[in-house]
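Student: Handing you a structure now.
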Amino acid sequence: MKRLLTAWIVAASAPAAFAWGPVGHRIVAETAALLVADDQPSTWGPLMARHRFELGVYAFQPDSLFRHIDGAGGTVEGPTHYLFLDATGEMVERRGSVDRRIVQFLDLARAELSPVRVVSGGYQPGATAEGDARHVFLGLYDLGVLAHYSGDAAMPYHATADTNGIARGEGGIHIYFESDCVNALEPGLAPDVLASARKHRKSWLRAWNAVPGKTEELVKSVLADSLSVVPRVSELDRLHAVTALQAPGSKDNAKRKPPAEGCRSMRSLLVDRLARGAALTATLWEGALPEGVDFSAGSDLQFSDMNQTPAYVAPR
């Protein structure tokens, strides 16, 4: 009976497992770009920082575009956004693949950027760019998309099979925490996310046992970190946001206060999770940026357009 309930919970809630919403994904990507700028001030950092808006747009494309063009109504794309670490029984086979999706886009970014030797040029459209500039334009796209999935890994409800709090009678917690709360508290979140990421990134990477080349292991460490705070989100939700719970297993959402009121108690936790997503993203990006590139004539390179009509990249 417990296995049947778990299977029903996952089947009912997994297709809706978006993460962070456009504002949250934008904060993760833009913060990551600024972290790279801190680390690589004379090479890739300034270019990444100049394109942080574009990276933030690309970071939302897996939700805004991929789910609609995967050819299967989102069912191919959807599982690449999560990994349910606590899945049991038959659900283990359908627990998601965000760790492998991150590796896939990291490999794409590396392949696109590895030929780059000289970054030069000024304000120009990437669609018609040639040579190294073209590789940079397309590589930024891959890095931005990657940021979506690394951001997902830091969102607590992307690590648990009870992805929407249904088993606890807290239906609706997923969207409330990741999107409604972020929308209600931003502007104001982004500066604190950057400050937190700058302050804690090194200690987080040590705690995650980050090792170069061990991407899946690093992502799973972040997911385990995310899973560990699900009880805390639940506690804050019940104490400060929920006005009426549902019966455990109910498809109906719990009743909650408006986000501007109910989310205030979750602010510090939201800052922490977004900052961790940015720290993971920056670390992954830096592993894809080639060394030894000449940036002496590249301080003015700025793309005037974005890659907004890409073909769908199916999970491998």
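Student: Tell me, what is the per residue accessible area of the chain in Å², probe radius 1.4 Å? Write out the running numbers ahead of the final one.
Tutor: Numbers: 13230 Å² over 316 residues.
The answer is 42 Å² per residue.
Student: Helix-only mean residue ellipticity at 222 nm, the chain, DSSP H runs n ≥ 4 weighted -39,500 (n - 2.57), per residue, nearest 500. What is it?
Tutor: Working: 12 runs with 155 residues, N = 316.
My calculation for the chain gives -15500 deg cm²/dmol from helical runs alone.
Student: Over region 165-275, what lengths in whole Å, largest first, do the semi-axes of the equivalent ellipsoid take, defined as the square roots of 5 times the eigenvalues of the alpha-carbon gyration tensor? Mind dumping the intermediate values first?
Tutor: On the way: eigenvalues 160, 67, 18 Å².
Listed largest to smallest, the semi-axes of region 165-275 are 28, 18, 10 Å.
Student: Find out how many positive minus negative residues lie around Y157, taking Lys and Arg as positive, Asp and Glu as negative, among other residues whose Cβ is under 14 Å from that of Y157.
Tutor: Values: positive: R95, R168, R232, R273; negative: D86, D152, D162, E170, E178, D180, D225, D237.
Taking every Cβ under 14 Å from that of Y157, the sum is -4.
Student: I've got another one for you. Could you tell me how many degrees, from 0 to 90 and to the nearest 10, lie between the Cα long axis of helix 21-39 and the main elongation axis, the longest principal axis, of the Cα atoms of the chain?
Tutor: Tilt relative to the chain: about 40 degrees.
Student: How much length, in nm to one decimal, is gained on full extension between N183 and T243, taken as 0.36 nm per residue of separation minus their Cα-Cα distance?
Tutor: Details: separation 60, 0.36 × 60 = 21.60 nm, distance 2.05 nm.
Gain in length upon complete extension: 19.6 nm.
Student: A further question on this structure: Among L236, G277, P212, whose Cα sits farthest toward the positive end of the charge dipole of region 164-316 (+1 at Cβ of Lys/Arg, -1 at Cβ of Asp/Glu, about the Cα centre)?
Tutor: Looking along the dipole axis, the top candidate is L236.
Student: Return the Rg/Rh ratio of the chain with Cα-based radii and a Kirkwood Rh.
Tutor: Rounded to two decimals, Rg/Rh equals 0.98.
Student: Can you order the peptides 149-156, 228-235 by their average number of other Cβ atoms within 10 Å per residue, highest first? Numbers along the way, then the final one.
Tutor: Values: 149-156: 29.8, 228-235: 15.8.
Answer by packing, highest mean first, reads 149-156, 228-235.
Student: Is there a quick way to get the dipole size of region 209-286? I mean about its Cα centre, with the Cβ of Lys and Arg at +1 and of Asp and Glu at -1; what is the value in debye to the nearest 20? Working shown, then result.
Tutor: Numbers: 12 positive and 9 negative charges, 72 e Å.
Using only the charged Cβ atoms, the result is roughly 340 debye.
Student: Output the 0 to 90 degree angle, nearest 10, between the alpha-carbon long axis of helix 2-13 and the longest principal axis computed from the alpha carbons of the chain.
Tutor: Taking Cα atoms only, the helix is inclined about 50 degrees.
Student: Same structure again: Out of the GluC sites (Glu not before Pro) in region 236-316, which ones are loop residues according to DSSP with at most 10 other C-beta atoms within 10 Å? The partial results should precede the final answer.
Tutor: Details: sites: E261, E286, E291; in loops: E291.
Here the GluC sites (Glu not before Pro) that fit, given the DSSP loop and packing criteria, are E291.
Student: I would also like to ask the following. Need the list of lysines near K199 for cross-linking: C-alpha distance under 27 angstrom, and skip anything on the same chain fewer than eight residues off.
Tutor: Cross-link targets: K214, K220.
Student: Output the 0 to 90 degree angle, nearest 10, between the alpha-carbon long axis of helix 215-228 and the longest principal axis computed from the alpha carbons of the chain.
Tutor: 30 degrees
Student: Please get the size of the charge dipole for the chain, origin at its Cα centre, with Cβ charges of +1 on Lys and Arg and -1 on Asp and Glu, quoted in debye to the nearest 20.
Tutor: On the way: 32 positive and 36 negative charges, 192 e Å.
It works out to roughly 920 debye.
Student: Still on this model: Tell me, what % of the accessible area of region 126-218 is carbon and sulfur with a 1.4 angstrom probe?
Tutor: Here carbon and sulfur together make up 52 percent of the probe-accessible area.
The values are calculated or read from the model by the stated rules, or taken from the named source; none is laboratory data. It should be emphasised that the depicted structure is a prediction, and the values quoted were computed from it without experimental measurement. Every residue, glycine among them, receives a Cβ derived from its backbone with ideal geometry; neighbour counts consider all protein chains shown. Remember, those area values only see protein heavy atoms, side chains included, never the ligands or the DNA or RNA. Shrake-Rupley method; radii C 1.70, N 1.55, O 1.52, S 1.80 Å.
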